[in-house]
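Each remark here refers to the structure printed beneath this line.
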Amino acid sequence: TSPPANPDPTTWSLPDVLAWLRSKHFSEDVLEKFIEQDITGDVLLSLDDLKVLKEEIGILAFGMRVRVLNAIADLKACLRR
């Protein structure tokens, strides 16, 4: 799956975020959590806490939370280039 066509994640809609998650090979379970919480690009970029991913988003597996945060950190790093 390809990443969203819009290169600016601060303006991504929920479908854009889901496309990005799919391009990073996250499971449908993770995508469903992002759908339930209506995570758009601006919110995605604000996620930086394992506890928030567990308690607010509902991703219980520690390893999955770390992978999500690592992917978000990589995305933020690309924005700074």
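Using a simple spin-label model with pseudo-atoms 7 Å out from Cα toward Cβ, residue 6 and residue 51 lie 3.1 nm apart. Considering only 15, 45, 57, and ranking their Cα positions along the charge dipole of the chain that arises from unit charges at the beta-carbon of Lys, Arg, Asp and Glu, the one farthest toward the positive end is 45.
Helix 14-23 and the long axis of the chain differ in direction by around 80°, with both axes built from C-alpha atoms. About its Cα centre, the dipole of the chain is roughly 420 debye, where the only charges are +1 on Lys and Arg Cβ and -1 on Asp and Glu Cβ. Tell me, rounded to the nearest percent, the portion of alpha carbon pairs in the chain spaced more than 22 Å apart. Within the chain, distances greater than 22 Å cover 13 percent of Cα pairs. For 55, 32, the ranking by accessible surface with the largest value first comes to 55, 32, using a 1.4 Å probe. Determine the calculated [θ] at 222 nm for the chain from helices alone, applying -39500 (n - 2.57) to every DSSP H run no shorter than 4 residues and normalising by the residue count; nearest 500 deg cm²/dmol. Per the formula, -16500 deg cm²/dmol.
Phi angles across the stretch 38-53 convert, under the Karplus curve 6.51 cos²θ - 1.76 cosθ + 1.60 with θ = phi - 60°, into 3J(HN,Hα) values of 6, 7, 9, x, 5, 6, 3, 5, 8, 6, 8, 9, 4, 5, 5, 4 Hz, Gly and Pro given as x. Only Lys, Arg, Asp and Glu carry charge here, each on its Cβ (+1 for the first two, -1 for the last two); on that basis the stretch 1-41 has a dipole of about 160 debye about its Cα centre. Of 52, 68, the order by accessible heavy-atom surface (1.4 Å probe, DNA, RNA and ligands excluded), from most exposed downward, is 52, 68.
The values are calculated or read from the model by the stated rules, or taken from the named source; none is laboratory data. All values reported here derive from a predicted model rather than from experimental measurement. All Cβ positions, glycine included, derive from the backbone under ideal geometry; neighbour counts span all protein chains shown. All accessible areas refer to the heavy atoms of the entire protein, side chains included, with ligands and DNA or RNA removed. Shrake-Rupley method; radii C 1.70, N 1.55, O 1.52, S 1.80 Å.
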